[in-house]
Amino acid sequence: MIYERFDKSLKILEAALGIEASIRGNKILINGDEKAVNTAERLIRELKSISADGYIVKPEDMRFALRAIEESDATGTEFSLKELFLNSIPVSSKNKFIVPRSETQKRYIGAIHKYDMVIGIGPAGTGKTYLAMAMAINALLKKQVSRIILARPAVEAGEKLGFLPGDLYEKVNPYLRPLYDALFDMMEAEKAYKLIERGVIEIAPLAFMRGRTLNDSFIILDEAQNTTSEQMKMYLTRLGFNSKTVITGDVTQIDLPTAKVSGLVEAEKILKDVEDVCFIYFSEKDVVRHRLVQQIIKAYERFGRARSEE
């Protein structure tokens, strides 16, 4: 049965739209309110087309599709699920490609294509670093750059770094782990390790960027809200010829000492009128992790607003 793999997605449709859907051979039977049935039919047609083009439809895709159609109906705008999903990023991976799952993510990918410096700001789980990593790997595969550099401030360790066991690499490695996780999710571990050994992919703490000029590179600075003003200026001036950089961070999750100004917050003010720097802002609507993450972010935002009004 060609629709067998849609079974989980159909259950999500039933729950969200209040319809009943069942598979009968090569057909899907739908019962319910006319508007809900029309929405379900539209989704199933587009998902079938996407699937025929090689994309494996996942339940989370269905959840995103429902949300996106609801928003497009509310604003009266046109929405093409197929166009969005097929605007994908090919990577060397067990996954055929990485797909943007919100309009903001789509604009983010477009900005990275167009600009040499893109700054993505928003909450956890919105795909800021993950999509930047996919774009970096794609650029490397297409030989648009000769190396990828992934940097992160090791601010969590602070002055206690020297008391941790092991050499410098072992001390800072725990803070770089999320970058490794994203890399290995897109590229076979053996291939990734070989590229790291050859220096084609470099994963390092931000401090390692000082004094360097980074040519022919795709550079990602993650957790940029935890850079100091001095570190951010240092990083921004490392960009060399034929290079791109994507800077990501969440300005609500700053771990710097109270007296320190976040380099990301300051850069947002300083660079806002620089024509060739593009800012992309994410919200809880763009969260693509477990659906509970979106609810948790909303709950914390409500709590923060209530506390500020006291």
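The values are calculated or read from the model by the stated rules, or taken from the named source; none is laboratory data. If you're wondering where the values come from, they're calculated on a predicted model, not measured in any experiment. When we count neighbours, we look across all protein chains shown, and the Cβ atoms used for this are built from the backbone with ideal geometry, even at glycine. Ligands, DNA and RNA are excluded from the accessible area calculation, which covers all protein heavy atoms including side chains. Shrake-Rupley method; radii C 1.70, N 1.55, O 1.52, S 1.80 Å.
Numbers below:
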{"item": "Chymotrypsin sites (Phe, Trp or Tyr not before Pro) restricted to DSSP loop in segment 227-310 with at most 11 other C-beta within 10 Å", "result": "Phe241"}
{"item": "Order of exposure, largest accessible area first, which applies to Tyr108, Tyr193 with probe 1.4 Å", "result": "Tyr193, Tyr108"}
{"item": "Other-chain or far-sequence residues with amide H under 5 Å of Ile98's (modelled H)", "result": "Ile89, Val91"}
{"item": "Carbon and sulfur %, accessible surface of the chain computed with the full protein complex present, 1.4 Å", "result": "52 percent"}
{"item": "Alpha carbon convex hull of segment 229-310, volume per residue in cubic angstrom", "result": "144 Å³"}
{"item": "Amide H contacts under 5 Å for Gly125, placed H, 5+ residues apart", "result": "none"}
{"item": "Beta bridges by DSSP in the chain, antiparallel share as percent, to the nearest 5", "result": "25 percent"}
{"item": "Added length on full extension, which subtracts the Cα-Cα distance from 0.36 nm per residue, Lys82 to Gln295", "result": "74.0 nm"}
{"item": "Student exercise, the chain dipole from Lys, Arg, Asp, Glu Cβ charges, in Debye to nearest 20", "result": "640 debye"}
{"item": "Counted charge near Met234, where neighbours are those whose Cβ lies closer than 14 Å (Asp, Glu -1; Lys, Arg +1)", "result": "+2"}
{"item": "Debye, to nearest 20: dipole size of segment 194-310, +1 on Lys, Arg Cβ, -1 on Asp, Glu Cβ", "result": "240 debye"}
{"item": "Helix-only [θ]222 nm of the chain, DSSP H runs n ≥ 4, -39500 (n - 2.57) each, per residue, nearest 500", "result": "-14500 deg cm²/dmol"}
{"item": "Cleavage-rule hits (GluC sites (Glu not before Pro)) in segment 175-247: DSSP loop, at most 13 neighbouring Cβ within 10 angstrom", "result": "Glu188"}
{"item": "Solvent exposure of the chain as accessible area per residue, Å², 1.4 Å probe", "result": "55 Å²"}
{"item": "Distance between modelled label sites at Ile69 and Asp216, nm, 7 Å Cα→Cβ extension", "result": "4.9 nm"}
{"item": "For Ile247, residues with placed amide H under 5 Å, excluding near neighbours", "result": "Val118, Ile119, Gly120, Leu221"}
{"item": "Nitroxide proxy distance, nm - points 7 Å out along Cα→Cβ at Ser229 and Gln253", "result": "2.6 nm"}
{"item": "Val274 - accessible surface, heavy atoms, 1.4 Å probe, Å² rounded to 10", "result": "60 Å²"}
{"item": "Note, ³J(HN,Hα) from phi for segment 65-72, Karplus 6.51, -1.76, 1.60, rounded to Hz, x at Gly and Pro", "result": "4, 4, 5, 5, 5, 4, 5, 5"}
